[in-house]
1. Please work out the Kirkwood hydrodynamic radius for chain A, using every pair of different C-alpha atoms, and report it in angstroms with one decimal place.
2. Can you give the accessible area buried between chains B and A, summed over both chains, with a 1.4 Å probe, in Å² to the nearest 100?
3. Between B:Lys409 and A:Thr117, what FRET efficiency follows from the Cβ-Cβ distance if R0 is 30 Å, with the result rounded to 0.05?
4. Under a 10 Å cutoff between Cα atoms, tell me which one of B:Gly335, B:Gly215, B:Gly230 has the largest fluctuation in the Gaussian network model of chain B.
5. Once label points are set 7 Å from the Cα along Cα→Cβ at both B:Ser160 and B:Arg20, what is their separation, rounded to one decimal in nm?
6. What's the whole-number percent of alpha carbon pairs in chain B lying beyond 31 angstrom?
7. Suppose we keep just the alpha-carbon trace of region B:150-285; what are its Rg and Dmax in angstrom?
8. Taking chymotrypsin sites (Phe, Trp or Tyr not before Pro) as candidate sites, keep only those in a DSSP loop with at most 12 other Cβ atoms within 10 Å, then name the longest stretch of chain B containing none of them.
Amino acid sequence: MQLDDLYREVIVDHYNRPRNFGRPEKWDIMVEGKNPVCGDEIAIYLTVKDDIVSECHFDGKGCSISIASASVMTESLIGKSLDEVRLVLADFNQLLRGEVCQRCEQYSDAIAFQGVTKFPVRVKCALLAWKTLEGAIPDSGTHQA
Amino acid sequence: MTFDPTKIRADFPIFAAQVRNGRELVYLDNGATTQKPGVVIDAERDFYSTEYGTVHRGIYHLSAVATAQYEAARETVADFINARLTKEIIFTRGATESINLVARTFGDRFIGKGDEIILSEFEHHSNMVPWLMLQERTGARLVYVRSTPDWRLDMIDLRSKFSSRTKLVAITGMSNVLGTINDIDGICQLAHEHGARVLMDGAQLVPHFGFDVRGTDCDFLAFSSHKMLGPTGVGVLYMKQEIGVEIPPYQGGGDMIENVRYDGFTTNELPYKFEAGTPNIAGVIAFAKAIEYLQGLGMENIIAHESELTEYALDRLLSTEGFELYGPKTPKHRGALFSFNYKDIHSHDVASILDFANIAVRAGHHCAQPLMQRLGVNSTARASFYVYNQKEEIDILLESLKQCERFLKHAVG
């Protein structure tokens, strides 16, 4: 086990230059999440057109893993239908449980978080944004914006 | 006897067991819990192996032996904090339960609607939530004393907070976030002048400085075994006898009763009135061994050792670029416990990277969320020291902190 497994270059890059960071002027869905253990906070803003995520932003305070993970999440959701978003969420959860996830290769830099499973106490950090988003996406059926 | 941390370290089996990647364990989370010396571990194992039986019940030999050891432990505790009577020592599950016990008994009995409880801004959740719960039950009011700019209790503000409705001052002896040590004598004196009782949360203070309940004249003192080299699941509540006899029992069950009828009961005498159910007998006996171990080192020596560590740490930490310390920056009236952030790096990242160098520090809000808001941060890292720590470990901490930057270089601009 290496510390580099946790702080992969892409993760550090997303942390230092988070994509889609900051509160947009308009959005359709906003959801907030908190990790009570460390006080990390996140807000996610989605714009949905014709059932497709056209924009996804986030802001908040957090550690490198939670910020980088949120950044990767926003990138991997843009252009996806809400059904596909549910699939991405399920896949990322699977990846963070230490299971094989072939589709994760296609989701921005999501695969870089595989190493986080070697640091069980940090898995929660990596999942903060994703668990928060889960609360905003209806289980199934079409979304009414 | 000279105080030799290297020799002390050898008394703790964990340090030999936890060498990782050739690096010795630098254990700096003593504010959360402390490691155990061999004598404490042995005491618990020996008791279970050779002399185990229940207390206060059996007529047989084993029970008599267990009872004698359990009650001898109570005497050890009474002696350690200079209590007048052994029956003023109540064994609980920990400092948290000790405080909850006072809130549920003394609080429910004597602190009614509109009555006031004075607290500091930097209490641990354990010394806030039981009073918030009491507020919900009875309508009591919580009044918070301000801190000075250098994070000490503002004694002038404390003086102004007393009213005819003040029933209790519930305050920490030493902050688990700031390291601030409060003026216990001054607090007790002020409270008693205003006819209020004092509950001291001694969880952080007692392990490092001991306590003199008679000297301070404090009414309640709560502390935990596991933060002072003893086992988990054992705590102490010191309560003045005059209060103990006046308030209702806490939990109902075995040991706390004198007589039970189908339509009622009478309570046992102190301290058993507050010790319902079979206690953590082995834990209590091993806790007494921990106290004896500390007494063997000498509390005066421990205080001197930690004061030396504090001076050295403050000197090194405050001269480190990017090191933000939360708490008093002078060694007087503060413990060897340092909450910090380093160069805008999140405390979880700091803790993960330090962990790789086999350095254990705490990261998070330290069960003091309102204080985190006052400090204007979401979380901090915390390094807290004890008898087995040495100056060199402060150097190792600082060297390893610089590694954090290597892993998490911020993009400029």
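1. So the Kirkwood estimate lands at 15.1 Å.
2. Details: alone 17770 and 7700 Å², together 23810 Å².
Counting both chains, the buried surface is close to 1700 Å².
3. E(calc), rounded to 0.05, equals 0.80.
4. Maximum fluctuation in the GNM of chain B, among the listed residues, is at B:Gly215.
5. 4.9
6. Numbers: 35005 of 85078 pairs.
So the portion of pairs separated by more than 31 Å is 41 percent.
7. Rg then Dmax for region B:150-285, in Å: 17.4, 59.
8. Result, exposed sites excluded: B:61-261.
The values are calculated or read from the model by the stated rules, or taken from the named source; none is laboratory data. What you are looking at is a predicted structure, and each value in this text was computed from that prediction instead of being measured. When we count neighbours, we look across all protein chains shown, and the Cβ atoms used for this are built from the backbone with ideal geometry, even at glycine. In case anyone asks, the SASA skips ligands and DNA or RNA and just uses the protein heavy atoms, side chains included. Shrake-Rupley method; radii C 1.70, N 1.55, O 1.52, S 1.80 Å.
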